[in-house]
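Asks: Quick one: the structure is below, and I'll ask about it shortly.
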Amino acid sequence: MHVFVTGATGWVGSAVVEELLRCGHRVTGLARSDDKAAALAATGAGVLRATLDDHAALRSAASTADAVVHTAFDHDFSRFAANAEQDRRAIETLGGALQGTQRPLLVTSGLARIAQGRAASESDLPQASAPRQSETAARALAERGVRAATVRLAPSVHGRGDYGFVPLLIRLAREKGVSAYLGEGANRWGGVHRRDAARLYRLALEQGASEPVYHAVAEEGLPFKTIAEAIGRGLGLPVESREREHFGWFADFAAADMAACSARTRASLGWQPGGPGLLADLDRSGYFAG
């Protein structure tokens, strides 16, 4: 299978590329800079040197591939609305190139605002008012006959080299001298090892992306306070409840309940996560080095 992957040099996308190549698939990846293009070429993947705004290039690459995986997203939260619109337009472009075929498109999204106070399931719908419209765009394509599905990633996609939410919390704890949580810290975050998430993408492609939603979630939900305590141990810092101001722009994420089950995903794909859990990874994957 020839797969076109956006975000091919990112945290999740690079793992997807590696997994696909390891299993004998051919990959062309999107790279937006010369250094990223060189790193991608070194893996054995083909390279499309372009950006998410180069719709003609995206359309051409998608139209010549057997499947498309969209993992790219600009996580500059200072311009989140513009980035969400860029993402939506890219998804529409990729889906348009696949319309009238049975070639699958996997779109990436998250678990924020899917459910509160309980673990979200694959049957839960995203909020229409959510600023990021990745899944909504994929569902609109599916209504037009495109074989489009969404992979919802756990808030912590962890492993060696992680530069996501948990490292952000570690940096914040170092700066403030305390590892903090909001309120009682009972809100929960799901987790998945990066390589387990990559394997899910591959399995979904190989099985034709027959489900509308897949949950890349290995651990249903760790209390945020438990994560803060692990960070406190790793840094030798006190662990305390703090107000929203402590977290700045990240407060909404720190307060969010993003637990999710993945029973339907596991049953449909035969996906069995085998990587370490988040707390085990925090103990052994270099999160506190430097």
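Asks: Could you tell me how far the Cα centroid of the stretch 204-228 sits from the Cα centroid of the stretch 71-125, in Å?
Replies: Answer, in whole Å: 15.
Asks: Scaled to the compact-protein estimate 2.2 N^0.38 Å, what is the alpha-carbon radius of gyration of the stretch 34-133, rounded to two decimal places?
Replies: Taking N as the residue count of the stretch 34-133, the ratio is 1.24.
Asks: By how many degrees, 0 to 90 and rounded to 10, does the Cα axis of helix 194-206 deviate from the longest principal axis of the chain?
Replies: Roughly 30 degrees, rounded to the nearest 10.
Asks: While we're on this one: With no solvent and one point on each alpha carbon, what is the Debye value of log10 I(q)/I(0) for the chain at q = 0.10, 0.11, 0.14 Å⁻¹?
Replies: Computed log10 I(q)/I(0) values: -0.52, -0.63, -1.02.
Asks: Let me ask something else about it. What residues have an amide H closer than 5 Å to that of VAL47, excluding those fewer than 5 places away on the same chain, when H is modeled at 1.01 Å from N in the peptide plane?
Replies: GLY29
Asks: When the Kirkwood radius is taken over all Cα pairs of the stretch 162-288, what Stokes-Einstein diffusion coefficient follows at 37 °C and 0.692 mPa s, in µm²/s?
Replies: 211 µm²/s
Asks: Let me ask something else. Once amide H atoms are built 1.01 Å from N in the peptide plane, which residues 5 or more positions from ALA259, or in another chain, come under 5 Å H to H?
Replies: When sequence neighbours closer than 5 places are left aside, the close amide H contacts are ALA120, ARG188, GLY190.
Asks: Ok, one more. What is the Å³ per residue value for the convex hull set by the Cα atoms of the stretch 100-236?
Replies: In the stretch 100-236, the Cα convex hull volume per residue is 121 Å³.
Asks: Oh, and also: May I ask what percent, to the nearest 5, of DSSP beta bridges between residues of the chain are antiparallel? Spell out each step's value before the answer.
Replies: Working: 3 of 36 bridges.
For the chain, the DSSP antiparallel bridge percentage is about 10.
Asks: What residues from the stretch 250-267 fall in the zone where the backbone N is under 12 Å from a label point 7 Å along the Cα-to-C-beta line of SER121?
Replies: 261-265
Asks: What is the spin-label model distance, in nm, from PHE80 to ASP283 if the labels are put 7 Å beyond Cα along the C-beta direction?
Replies: In this crude label model, PHE80 to ASP283 measures out at 3.4 nm.
Asks: Please turn the phi angles of the stretch 223-232 into ³J(HN,Hα) values with the Karplus equation 6.51 cos²θ - 1.76 cosθ + 1.60 (θ = phi - 60°), one per residue in order, whole Hz, x for glycine and proline.
Replies: For the stretch 223-232, the Karplus curve yields x, 4, 4, 5, 5, 4, 5, 5, 5, x Hz.
Asks: On to the next question. For the chain, what is the charge dipole size about the Cα centre, in debye to the nearest 20, if Lys and Arg each add +1 at the Cβ and Asp and Glu each add -1 at the Cβ?
Replies: Values: 33 positive and 32 negative charges, 79 e Å.
Here the chain has a charge dipole of around 380 debye.
Asks: Let me ask something else about it. Can you tell me which of 131-142, 239-250 comes out highest on packing, and rank the rest after it, using the mean Cβ neighbours within 10 Å?
Replies: Going from most to least packed, we get 131-142, 239-250.
Asks: Binning at 5 angstrom from zero up to the longest distance, how are the C-alpha pair distances of the stretch 28-68 distributed in percent?
Replies: Spelled out per bin, shortest first, that is 5, 26, 30, 24, 14, 1.
Asks: Placing +1 at every Lys and Arg Cβ and -1 at every Asp and Glu Cβ, with all other atoms neutral, what dipole size does the stretch 1-80 have around its Cα centre, in debye to the nearest 20?
Replies: On the way: 7 positive and 9 negative charges, 27 e Å.
The calculation lands at about 140 debye.
Asks: Another question about this same structure. Take the alpha carbon atoms of the stretch 1-88, find their radius of gyration, then divide it by 2.2 N^0.38 Å using N residues; give the quotient. Display every interim value, and only then the final one.
Replies: Details: Rg = 12.6 Å, N = 88, 2.2 N^0.38 = 12.1 Å.
Rg over 2.2 N^0.38 Å, computed on Cα atoms: 1.04.
Asks: Run the paramagnetic zone check for LEU21: 7 angstrom along Cα to Cβ, then residues of the stretch 70-97 with backbone nitrogen under 18 Å.
Replies: The answer is 70-72.
Asks: Kirkwood Rh over alpha-carbon pairs of the stretch 106-183, then Stokes-Einstein at 20 °C and 1.002 mPa s: what D in µm² s⁻¹, rounded to an integer?
Replies: 144 µm²/s
Asks: Here is a further query. Using the basic label-point model (7 angstrom from Cα toward the beta carbon), what is the ASP66 to GLU175 distance in nanometres?
Replies: 4.6 nm
Asks: Rg and Dmax of the stretch 238-290 over Cα atoms: what are they, in angstrom?
Replies: Calculated on Cα positions, Rg and Dmax stand at 16.3, 43 Å.
Asks: Another question about this same structure. Expected output is a single nm value to one decimal: the length gained when fully extending between TRP249 and SER33, i.e. 0.36 nm times separation in residues minus the C-alpha distance. What is it?
Replies: Numbers: separation 216, 0.36 × 216 = 77.76 nm, distance 2.82 nm.
Separation in residues times 0.36 nm, less the Cα-Cα distance, equals 74.9 nm.
Asks: Ok, one more. Can you give me the long-range amide H partners of VAL151? Hydrogens built in the peptide plane at 1.01 Å from N, cutoff under 5 Å, separation of 5 or more residues or another chain.
Replies: Residues meeting the criterion, in which the H sits 1.01 Å from N, are VAL107, THR108, SER109, TYR214.
Each reported figure results from applying straightforward, stated rules to the coordinates on display, with no laboratory input. This structure is a prediction, so every number in the text was calculated from the model and none was measured. All Cβ positions, even for glycine, are placed from backbone atoms using ideal geometry, and neighbour counts span all protein chains on display.
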